[in-house]
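Beneath this line is the structure, given in structure tokens, with notes to follow.
The values are calculated or read from the model by the stated rules, or taken from the named source; none is laboratory data. Please read these numbers as outputs of a predicted model, since none were measured by experiment. All Cβ positions, even for glycine, are placed from backbone atoms using ideal geometry, and neighbour counts span all protein chains on display.
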Amino acid sequence: MTFRISRNSWHAALSALVVLSACTSTPTVVRSTDTEVAVRYDGIVNGIDDAKQMAEKACAARSKTARLRRVSDQGLGQHYGYFDVRLDDRA
């Protein structure tokens, strides 16, 4: 038995992937405490550098900075950067 994907099905699958990427493309702060900021990013449109920028914005409100502690890749569109919150030496 051979399965073949029609051209229309292939385009539909590709379109769904593009829509999924667009929906998750903005890095999002999922946890922010006095000691840690966790940011989810998609890993396709945005990478860890984009997640760091989001963490820095979250920390700047407290006159602190973010330092990357670890990265967790949990599948398509499910990448997390965990940042330590540190006092801003420039303040």
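Counting just the residues of region 63-88 that are over 12 Å from R40 (Cβ atoms) and among the hydroxyl-bearing types (S, T, Y), which one comes out surrounded by the most Cβ atoms within 10 Å (Cβ to Cβ)? Step through it out loud before you land on a result.
Within region 63-88, the first condition is being over 12 Å from R40 (Cβ atoms), and the residues that meet it are 63-70, 76, 83-88.
Still in the running and among the hydroxyl-bearing types (S, T, Y): 63, 65.
On the way: S63: 10, T65: 18.
Among those residues, the one meeting the criterion is T65.
Being among the aliphatic types (A, V, I, L, M), closer than 16 Å to T28 by Cα, at pLDDT 95 or above and in a strand (DSSP E or B): is that true of A51 here? So that I can check it myself, show each step before the final result.
On the way: among the aliphatic types (A, V, I, L, M): yes; closer than 16 Å to T28 by Cα: yes; at pLDDT 95 or above: yes; in a strand (DSSP E or B): no.
Judged against the criteria, A51 is not a match.
Within region 59-87, take every residue that is in a strand (DSSP E or B), hydrophobic (A, V, I, L, M, F, W, C) and in contact with a Lys or Arg (Cβ under 9 Å, 6 or more places away or on another chain) and give me the one that is nearest to D49 (Cα to Cα). Step through it out loud before you land on a result.
Restricting attention to region 59-87, the residues satisfying the condition of being in a strand (DSSP E or B) are 64-73, 79-87.
Of the ones still in play, those that are also hydrophobic (A, V, I, L, M, F, W, C) are 66, 68, 71, 83, 85, 87.
Now restrict to residues that are in contact with a Lys or Arg (Cβ under 9 Å, 6 or more places away or on another chain): 66, 68, 83, 85, 87.
Working: A66: 12, L68: 10, F83: 12, V85: 16, L87: 20 Å.
This residue is L68.
Based on what the data block shows, is A16 among the small types (G, A, S), over 14 Å from the mean Cα position of the chain (by Cα), part of a loop (DSSP other than H, G, I, E, B) and modelled with pLDDT under 95? Full working, then the answer.
Details: among the small types (G, A, S): yes; over 14 Å from the mean Cα position of the chain (by Cα): yes; part of a loop (DSSP other than H, G, I, E, B): no; modelled with pLDDT under 95: yes.
Taking the combined requirement at face value, the residue does not satisfy it.
Please specify each residue of region 46-79 satisfying the condition of being under 13 Å from E36 (Cβ atoms) and among the charged types (D, E, K, R).
Within region 46-79, R62, K64, R67, R69, R70 qualify.
Can you pull out the residues in region 59-84 that are modelled with pLDDT of 95 or more, of a type in the set (G, A, S) and out of contact with any Cys (no Cβ under 9 Å at 6 or more places or on another chain)?
Selection gives S72, G81.
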